[in-house]
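Right, one structure below, let's go through it.
Every number here is computed from the coordinates shown, using simple stated rules; none is lab data. Everything numeric here is computed off the predicted structure, so don't read it as measured data. Here the Cβ is made from the backbone with ideal geometry for all residues, glycine too, and neighbour counts use every protein chain on show.
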Amino acid sequence: MRGGLLFHTGVFVGVKKYGDIKVVDLSEWGRPLGRAGARFLNDKPISVLHVTHLHLLLALVCAVLVVQNRIVLACFLLILKGIIDAVDGELARLRERPSHVGRYWDTIADTIGLVAVMAAFASVLEWSGVLLCGMVLSTLFQYSLFNRYSVLMRLKGTGDFTSRIDEREQPVAYPWEKQSTVNALHALYVVLFSWQDSLIATCSGKGSSSLRFELTVSSFLGFGMQSLIIFGLALLGGVEHLPVLVLGLNNALMVLVLLRSWL
């Protein structure tokens, strides 16, 4: 079905992430490996949620390795975690089984992993509690910004609305998932993340006509690209510069994207 379009329960499958829109998404470098992993697992008795559990486990292992001062190995596993993170979404598309449970749990699992890894770095690098909170919140806002333009671009390119900019409205469960589980995870998502998405939306303008600038620049803030940069810092023995990256460069890029959205 390569190159073809199939509309299935609100999802275009068998198409590129942004359809025919030509855009540079820096976070997508691991997507081909994610697709290969999804094809390998497609006929295996492994669910999408199993894959999500695996990348959460890898993040927790990374945190333990950081505390043990095995920084390079830990940061390499963060790259592997990012690739596996791409597998679950690709596997859901390949099996034509979108999932609200998977959507919300993936975000929650990513955040648990983020907090664990940042707390580990805080322990090793002796960050204050204020700095740790700033690092976590800044990263979450950066992810929200990238998610906003990724979702908008997918809507423009393929009509894919499995992810929404505003998740406050409770969705109806797909036939293959329980409404009670969707309700519980949706409620947790709204409490933890909806305010971040709303704040980013409030700070954003209407955006450029194509959104290419916003998508490309904000994609630098996505986990895929950030994991490569953090690994590079680890190889150079410079992980102490993480706050400069997250609070300095990344926040500057965030401001640039938001300013551009108003021009």
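Things to note:
- With distances taken between every two different alpha-carbon atoms, the chain has a Kirkwood hydrodynamic radius of 19.0 Å.
- The helix-based estimate of mean residue ellipticity at 222 nm for the chain, built from -39,500 (n - 2.57) per DSSP H run of four or more residues and divided by its residue count, is -20500 deg cm²/dmol to the nearest 500.
- Stokes-Einstein D for the stretch 70-152, Kirkwood Rh over Cα pairs, 20 °C, 1.002 mPa s (µm²/s): 148
- Largest to smallest principal axis extent of the C-alpha atoms in the stretch 162-263, angstrom: 49, 36, 22
- The value of relative contact order for the chain, using C-alpha pairs under 8 Å at least six residues apart, is 27 percent.
- About the Cα centre, charge dipole magnitude for the chain (Lys/Arg +1, Asp/Glu -1 at Cβ), debye: 660
- Which of Gly237, Val217, Leu114, positive extreme of dipole for the chain (C-beta unit charges): Val217
- Dimensions of the stretch 22-111 based on its C-alpha atoms, expressed as ranges along the principal axes with the largest first, amount to 42, 32, 23 Å.
- Simple Cβ-charge dipole of the stretch 19-171, Lys/Arg +1 and Asp/Glu -1, about Cα centre, in debye nearest 20: 260
- Along each principal axis, Cα extent of the stretch 18-63, largest first, Å: 35, 31, 14
- Phi angles of the stretch 247-263 translate, via the Karplus equation with coefficients 6.51, -1.76, 1.60 and θ = phi - 60°, into HN-Hα couplings of 8, x, 4, 4, 5, 5, 5, 4, 4, 4, 5, 5, 4, 4, 5, 9, 7 Hz per residue; Gly and Pro are given as x.
- The dipole here belongs to the stretch 54-116: it is taken about the Cα centre, uses +1 on the Cβ of Lys and Arg and -1 on the Cβ of Asp and Glu, and is about 80 debye.
- Between Val24, Val130, Val101, the residue with the greatest mean-square fluctuation in the GNM of the chain (Cα pairs under 10 Å linked by springs) is Val130.
- Equivalent ellipsoid semi-axes, the stretch 106-240, via Cα gyration tensor eigenvalues times 5, rooted, Å: 28, 21, 14
- 27 Å Cα-Cα threshold exceeded, pairs from Lys22/Lys206; Lys81/Lys206; Lys156/Lys178: Lys81/Lys206; Lys156/Lys178
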